[in-house]
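Working notes for the structure below.
Quick note: the coordinates plus some simple rules give every number you see, no bench work behind them. Predicted model only: the values in this text are computed from it and were never measured. Every residue, glycine among them, receives a Cβ derived from its backbone with ideal geometry; neighbour counts consider all protein chains shown.
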Amino acid sequence: MSSVRLGVGSIDEEYLCRQCNTVLPENKVNKKTWCCDSCGDKLLIKIEDTDHRIVRLIPSEMNRFDDVFNYYDNEFLELKGVIEHDNGKEYILGVAGYGSYKVKKNDFIDCRWK
Ligand SMILES: [Zn+2]
């Protein structure tokens, strides 16, 4: 069985707000929300390891139609489910080809932008 490491990237990223049609310099990026401070839209992020844009979501913003980026082997994996756990303090993600993966409610996960 393969390994999964979900989370966020950190190096060589580009941050774009489509609504404002602006590329944000890193020091203008709100890293608590990963949203544009001007309009509130989710930022589209170009990370080093894929040509697809990603969005940074917490589990309550995700659903089973999202694809998560696996930093272990730099590929997207399909979600099969997002289940609240421990009174919403944690979430269990069902990850295709892997199984369940537990995350905290405030953990940002890089997902494929669609
Ligand atoms: Zn904006």
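The one condition from (1) within 11 Å of the ligand (Cβ to nearest atom); (2) under 15 Å from residue 111 (Cα atoms) that residue 24 does not meet is (2).
If only residues of segment 1-17 that are in contact with a strand residue (DSSP E or B) (Cβ under 6 Å, 6 or more places away or on another chain) and not in a strand (DSSP E or B) are counted, the one that is farthest from the ligand (Cβ to nearest atom) is 4.
If the condition is being on the phi > 0 side of the Ramachandran plot and in contact (Cβ under 8 Å) with a residue 12 or more places away in the chain, then segment 17-65 contributes only 34. Residue 78 falls short on exactly one of the conditions (1) more than 16 Å from the ligand (Cβ to nearest atom); (2) of a type in the set (Asp, Glu); (3) more than 14 Å from the chain's Cα centre (by Cα), and that condition is (3). For segment 53-79, the set of residues classified as surrounded by fewer than 16 Cβ atoms within 10 Å (Cβ to Cβ), farther than 15 Å from residue 5 by Cβ and either in contact with a strand residue (DSSP E or B) (Cβ under 7 Å, 6 or more places away or on another chain) or not small (Gly, Ala, Ser) (or both) consists of 61, 63, 64, 65, 78, listed by residue number.
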